[in-house]
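Novice: First, the structure itself, so that you have it in front of you.
The values are calculated or read from the model by the stated rules, or taken from the named source; none is laboratory data. Predicted model, so just to flag it, every value in this text is computed and none were measured. Backbone-built Cβ (ideal geometry, glycine too); neighbour counts: all protein chains shown.
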Amino acid sequence: MAKVLIAPSILSADFARLGEEVRAIEAAGADLVHVDVMDGHFVPNITIGPMVVKALKPHATIPLDVHLMITPVDPFVDAYVEAGAGIITFHPEAGPHPHRTIQTIRKAGAKAGMSLNPGTPIAAIEALIEDLDLVLVMSVNPGFGGQKFIDTQLRKIEVLRKRIDATGRDIILEVDGGVTAANAAQVISAGATALVAGTAVFGDGPEKYAANIARLRGA
Ligand code: DX5
Ligand code: ZN
C-alpha cells in the first residue's frame with residue numbers, strides 16, 4: 001500500500017509565524033500543507049486569502065493543498081493557483097457548475113478536488129469522480145479546528161474507497177476534521193490515503209511536530 005499522506009492544517013498553526021510553521025511541518029515530515037480558506041458565509045469563519053498563500057509559498061517545497069470553503073469559487077481560482085496552490089478542493093454546494101469549476105482549476109494549472117460535508121451524500125460528486133484528483137471527506141462540519149470526529153463518516157470513506165478503486169485512477173482520498181493518533185488507523189483502514197490534521201499536529205508545540213506526524217502515519 002502506498003504511503004499515507006499527512007497534511008497538517010495551518011488553521012491550528014501560530015498565524016503570527018506562519019512561514020516558520022510551514023517550514024517546521026515540512027521538516028517534520030509533512031507531505032502537504034493544508035490551507036483552510038473560509039469566507040464567513042459558506043462557513044461561519046473567515047481565514048486565509050490568496051495574499052497569505054503567496055507569502056507562504058516560498059516557505060514550502062511540498063504542495064499547498066488549498067481547501068476552499070467559499071462561494072462562489074470560480075472567480076478566485078486563478079488567484080489561489082497563481083499564489084502557489086498545487087491542489088484546489090471545493091464543495092459541490094458552492095455553485096451550480098462544479099464540472100466547470102474543475103475545468104477552471106485544471107486550466108489554471110492545479111489539481112482538482114471536491115469535498116463532501118458530513119451531511120452531503122456521495123451522489124453529489126458521483127458524476128464527476130473520474131474527473132477528480134482528490135476527494136475530501138469532511139469528518140466535522142467545516143468552519144473550525146479542534147472539533148470531534150463524526151464516526152458515521154467512516155462508512156462514507158469505505159464506500160468512496162470502492163468507487164475510487166472502480167475508476168482505476170489514482171485519486172487521493174483525503175479525510176479532514178477531528179483526525180487524531182487515536183483514530184488515524186481506523187480512518188486509514190476505511191480507505192483514506194491522506195489525513196488532514198490541525199490540532200493533532202500543532203497542538204503541543206514545534207518540538208512535537210515530527211512525533212505527531214509519525215504517529216498519525218502509524219509509524
Ligand atoms: C475545518 C477544516 C479542517 C480542520 C482540521 O473546517 O477544514 O482542516 O481545521 O482541524 P482539526 O484537525 O483540529 O479538526
Ligand atoms: Zn480543510
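Novice: With the structure loaded, tell me whether Asp204 is within 16 Å of ligand 1 (Cβ to nearest atom), modelled with pLDDT under 95 and acidic (Asp, Glu) or whether it fails that test. Spell out how you get there, then give the answer.
Specialist: On the way: within 16 Å of ligand 1 (Cβ to nearest atom): yes; modelled with pLDDT under 95: yes; acidic (Asp, Glu): yes.
Judged against the criteria, Asp204 is a match.
Novice: Quick one: in segment 133-145, which of the residues that are out of contact with any strand residue (DSSP E or B) (no Cβ under 6 Å at 6 or more places or on another chain) and at negative phi is nearest to ligand 1 (Cβ to nearest atom)? Talk me through it step by step, then tell me what you get.
Specialist: Pass one, segment 133-145, residues out of contact with any strand residue (DSSP E or B) (no Cβ under 6 Å at 6 or more places or on another chain): 140-141, 143-145.
With the extra rule that they be at negative phi, the set shrinks to 140-141, 144-145.
Details: Val140: 6, Asn141: 8, Phe144: 6, Gly145: 3 Å.
Only one residue tops the list, namely Gly145.
For (1) more than 16 Å from ligand 2 (Cβ to nearest atom); (2) among the aliphatic types (A, V, I, L, M); (3) farther than 27 Å from Leu116 by Cβ, each residue gets a yes or a no:
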position: Ala16; (1), (2), (3): yes, yes, yes
position: His34; (1), (2), (3): no, no, no
position: Asn45; (1), (2), (3): no, no, no
position: Ile48; (1), (2), (3): no, yes, no
position: Val53; (1), (2), (3): no, yes, no
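Novice: Related question: With of a type outside the set (A, V, I, L, M, F, W, C), touching a residue at least 40 places away in the same chain (Cβ under 8 Å) and closer than 24 Å to Ala24 by Cβ as the only criterion, which of Gly203, Gly178, Gly143 stands out? I'd like the intermediate steps shown before the answer.
Specialist: On the way: Gly178 fails: touching a residue at least 40 places away in the same chain (Cβ under 8 Å); Gly143 fails: closer than 24 Å to Ala24 by Cβ.
From the options Gly203, Gly178, Gly143, the qualifying one is Gly203.
Novice: Take segment 133-165 and flag every residue that is away from ligand 2 (no atom under 16 Å from the Cβ) and not charged (D, E, K, R).
Specialist: If the condition is that a residue be away from ligand 2 (no atom under 16 Å from the Cβ) and not charged (D, E, K, R), then Thr152, Leu154, Val159, Leu160, Ile164 are the ones that fit.
Novice: Right, another one. Considering only segment 33-78, state which residues are of a type in the set (A, V, I, L, M) and in contact with a Lys or Arg (Cβ under 9 Å, 6 or more places away or on another chain). Reasoning before the result, please.
Specialist: Taking segment 33-78 first, the residues of a type in the set (A, V, I, L, M) are 33, 35, 37-38, 43, 46, 48, 51-53, 55-56, 60, 62, 64, 66, 68-70, 73, 77.
Result: Ala60, Leu64, Val77.
Novice: Return the only residue of Thr152, Thr193 being in contact (Cβ under 8 Å) with a residue 12 or more places away in the chain, hydroxyl-bearing (Ser, Thr, Tyr) and farther than 23 Å from Val66 by Cβ.
Specialist: On the way: Thr193 fails: farther than 23 Å from Val66 by Cβ.
Within the list Thr152, Thr193, the selection yields Thr152.
Novice: Step by step: first the residues of segment 168-191, then only those that are more than 16 Å from the chain's Cα centre (by Cα) and polar (S, T, N, Q), then the one that is surrounded by the most Cβ atoms within 10 Å (Cβ to Cβ). Which residue is that? Lay out the reasoning, then the answer.
Specialist: Initially, segment 168-191 is screened for residues more than 16 Å from the chain's Cα centre (by Cα), giving 168-170, 181-183, 185-186, 189-190.
Keeping just the survivors that are polar (S, T, N, Q) gives 183, 186, 189.
On the way: Asn183: 19, Gln186: 14, Ser189: 13.
Among residues in segment 168-191 that are more than 16 Å from the chain's Cα centre (by Cα) and polar (S, T, N, Q), the one surrounded by the most Cβ atoms within 10 Å (Cβ to Cβ) is Asn183.
Novice: Those residues that are acidic (Asp, Glu), surrounded by fewer than 23 Cβ atoms within 10 Å (Cβ to Cβ) and within 13 Å of ligand 1 (Cβ to nearest atom), I need them from segment 1-46; list them, please.
Specialist: Result: Asp39, single match.
Novice: Take Gln186 and decide whether it is in contact (Cβ under 8 Å) with a residue 12 or more places away in the chain, touching a Gly at 6+ places or on another chain (Cβ under 6 Å) and more than 23 Å from Ile87 (Cα to Cα). Break it down stepwise before answering.
Specialist: Values: in contact (Cβ under 8 Å) with a residue 12 or more places away in the chain: yes; touching a Gly at 6+ places or on another chain (Cβ under 6 Å): no; more than 23 Å from Ile87 (Cα to Cα): yes.
No.
Novice: May I pose another question? Do you know which residues across segment 197-216 are polar (S, T, N, Q) and away from ligand 2 (no atom under 16 Å from the Cβ)? Can you show your working first?
Specialist: From segment 197-216, those polar (S, T, N, Q) are 199, 212; that's our starting set.
Once the filter is applied, which keeps residues that are polar (S, T, N, Q) and away from ligand 2 (no atom under 16 Å from the Cβ), segment 197-216 yields only Asn212.
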